[in-house]
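Accompanying notes for the structure given below.
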Amino acid sequence: MWTTTIARCTLPSMRKRSSVLACLALRAEGRPGWAVATAATSPSPSLHLTWRQLRGYGTQAPAPLPSTALGDSPGVRHVRALEQERQLEVEWEDSGHSLYPYTWLRDNCQCPLCTLQSAQARSLLLSQLDIHTGVDRVQVTDNNKVSIVWPDQHTSEFDPDWLRKRCFSPAARQALQEELFLNERMYWDSELRIPTASFEEVLHDDKAALAWLLALRRVGIVYLKGAPVEQGQVARLSQRIGYLRLTFYGHTWQVQDKSQANNVAYTSGKLSLHTDYPALHYPPGVQFLHCLSQAGEGGESEAVDGFHMADQLRREDPEAFRTLTSLRVDFTDTGSDYCDFMVQSKNHIIDVDSDGRVVRINYNNATRDSVLDLPLHQVQAFYSSLKAYVQLMTRPENMLTYKMEPGDLVTFDNWRLLHGRKSYLSHPDQVRHLEGAYLDWDEVMSRLRILCKSVHGES
């Protein structure tokens, strides 16, 4: 039995959070079945990784939430309408203040006429919304709800916890976004000890499944031990989440040395570090690989934290980072498997959001197209930038190496990790065989939120 180490990764202040996800970070609640495995060898249940060690890999601990996201939220002391600003001011019992625009409040009325309660969906049509509305009167009800009577005499009531969670202050907005999307990441390098769990416990225990998905989101890679050595286990694991992502290679696919291979992964040669399927405009977010049989010689897996390397590139070579985040590169994939296919995409090597945060890596040298839709004067800059990024990733201190054994199942973030494989030699009685599958992050995050709510009994 493995012992818990994920629980060590929790900040004390996070234990007080009442919100569905922000309360957790990487808390496993002392759940047996969790360990952290060494990066250099096959995972070992006796090796552990502490929060301090994770921080040493370049990831800062999440900042404490403002009081708007903490448990035991104070009630409403007073409300008043600010007519000139067209905002409602709420004074809380802890003397804090929040402001809410009239238009937003009317748009989000929670009454049965404006919200379909069974679906938690808005019924009020935008065409019916007066975006310049005022208010007739506001008050705090006897049960400490905020009541607003609008000029047409429609009445809205808002629960104080609901309002406080949606406070428009920068700190509260940031806290809620982190709760919803868990964007904080733990960066790592070759010294990572991979978070490891029991395959069967993840399938049958909600706490184990929650801890698995939280670690998958934060760290980007989690090892599951003890899966039956037979095909179909990646499909079983996907049912713990929802459903598999169907691609041109099927719902699941067999990674073996094949004659007339339609993918470089189906050979015994070395696979360079890559993300899967940048030839799609929306590549799969999560990948499962289950080892059914390992090669007689070679076949070690390699992985690198692409987000960490992108941020390192930003620091060491800002111009290369700017090039890879701004130029769109062509990828292609042609063949026949689940059906015949001829896919084409244009993606940035490094995708960033509006705040400049790295959100996805799109790189596979095998499917990078010979078509390069760039002006002549940008071609050399592109190659120089891509070379700089690849050289960062292949530094020994950045690359994680491990070898899977039959029954091991690795789960990882395909938008973040670049993975590869050393060449291998199979023996007649020992032929390397992995089964793989994909999921999308939307499904994974949906299950994570549901598990968090279920495990912690929060609304």
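The values are calculated or read from the model by the stated rules, or taken from the named source; none is laboratory data. All figures in this text were calculated on a predicted structure; none of them were measured in a lab. Don't worry about glycine lacking a Cβ; one is built from the backbone with ideal geometry, like all the others, and counts go over all protein chains shown. The accessibility values were calculated without ligands, DNA or RNA, using every heavy atom of the protein model including side chains. Shrake-Rupley method; radii C 1.70, N 1.55, O 1.52, S 1.80 Å.
Things worth noting here:
- Using a Förster distance of 51 Å, the FRET efficiency for LYS270-ASP159 (Cβ separation, nearest 0.05): 0.30
- When +1 charges are put on Lys and Arg Cβ atoms and -1 charges on Asp and Glu Cβ atoms, the dipole computed for segment 280-324 relative to its Cα centre reaches about 240 debye.
- The distance between label points at GLN254 and GLN174 comes to 5.2 nm (points 7 Å beyond Cα on the Cα→Cβ vector).
- Reachable aspartates and glutamates, given that their alpha-carbon falls under 14 Å from the alpha-carbon of LYS270 and they are not under 8 places away in the same chain: ASP257, GLU297, GLU300, GLU302
- Extension gain, ARG77 to GLU89: 0.36 nm times the residue separation minus the Cα-Cα distance gives 3.2 nm.
- In Å, descending, principal axis extents of the Cα set of segment 196-454: 55, 48, 38
- Here the label points at ALA261 and GLN344, each 7 Å from Cα along the C-beta direction, are separated by 2.7 nm in the simple model.
- For GLU443, GLU435, GLU405, the ranking by accessible surface with the largest value first comes to GLU405, GLU443, GLU435, using a 1.4 Å probe.
- Segment ASP337-VAL359, length gained on full extension (0.36 nm per residue, minus Cα span): 4.9 nm
- Excluding same-chain neighbours fewer than eight residues apart, the aspartates and glutamates reachable from LYS165 by a Cα-Cα span under 13 Å are ASP72, GLU178, GLU179.
- Pair ASN183, ALA381: separation of 7 Å Cα→Cβ label points (nm): 2.7 nm
- Computed from phi, the 3J(HN,Hα) profile of segment 271-278 under the Karplus parametrisation 6.51, -1.76, 1.60 (θ = phi - 60°) reads 9, 6, 4, 7, 9, 7, 6, x Hz, with x in place of Gly and Pro.
- In the assembled protein chains, PHE168 presents an accessible area of approximately 80 Å² (probe radius 1.4 Å).
- Chymotrypsin sites (Phe, Trp or Tyr not before Pro) within segment 262-324: DSSP coil, no more than 13 neighbouring Cβ in 10 Å: none
- Segment 196-454, accessible surface, carbon-and-sulfur percent (1.4 angstrom probe): 50 percent
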